[in-house]
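Notes follow once the structure below has been shown.
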Amino acid sequence: MKLQADRMEGQNAISRHGADGVIVNRIEHRSSVIVPWRGSVSRWPVSDFAALSAQHFDMLAELGPELVIFGSGSRIRFLHPALLRPLIERRIGIETMDTAAAARTYNVLLAEGRTVVAALLFESPPAPATQASGMPGATKQRI
């Protein structure tokens with residue numbers, strides 16, 4: 001979905017988003033990503049909601065925003081409050097929504113001049129099942 005025609009000079013606007021990534025400043029990101037209001041857009045080293053830790057949110061807090069918009073993937077999922085401690089201790093607001101809504105909300109807040117960071121989770125697809133050797137019809141899962 002196209003969100004915005006022009007780049008907002010000096011800011012990291014999300015111009016497109018989809019189930020498998022976003023485009024920020026004409027660069028496509030196909031894995032979880034941190035999009036700060038200014039500065040470098042960077043990979044967020046997490047590919048599964050269950051793997052999120054307080055360290056992932058500490059990375060966001062270090063950027064010093066007033067608000068973090070967390071995109072939890074294709075559906076909204078809420079985090080355990082302990083994971084958010086790095087943000088709470090620094091009095092940084094956090095809003096959780098699905099990733100598509102997070103991309104849209106981030107752009108609205110950015111246009112308002114807010115110091116906002118989007119943390120967008122794009123989960124890796126599960127490994128495909130492969131046929132087990134010697135057992136017709138049996139499958140095994142790659143790990």
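What follows is calculated from the coordinates using simple rules that are stated; it is not laboratory data. The shown structure was predicted, so the numbers you read here are calculated from the model rather than taken from an experiment. Note that each Cβ is placed from the backbone with ideal geometry, even for glycine, and that neighbours are counted across all protein chains shown.
Projected label points at Phe49 and Asn25, each 7 Å from Cα along the beta carbon direction, are separated by 3.0 nanometres. The order of the peptides 60-66, 102-108 by mean Cβ neighbours within 10 Å, most packed first, is 102-108, 60-66. Modelled spin labels at Ser74 and Met59, positioned 7 Å past Cα toward Cβ, are 2.3 nm from each other. Against the empirical 2.2 N^0.38 Å (N residues), region 14-124 has a Cα radius of gyration ratio of 0.94. Extending 7 Å from Cα along the Cβ direction at Ala111 and again at Ser42 yields two label points whose distance is 2.9 nm.
Dipole size of region 14-124 about its Cα centre, with +1 on Lys/Arg Cβ and -1 on Asp/Glu Cβ: approximately 180 debye, rounded to the nearest 20. When DSSP beta bridges are restricted to pairs lying wholly in region 14-124, around 55% turn out antiparallel. Put in order of Cβ neighbour count within 10 Å, fewest first, the listed residues Ser31, Ser124, Ser72 become Ser124, Ser31, Ser72.
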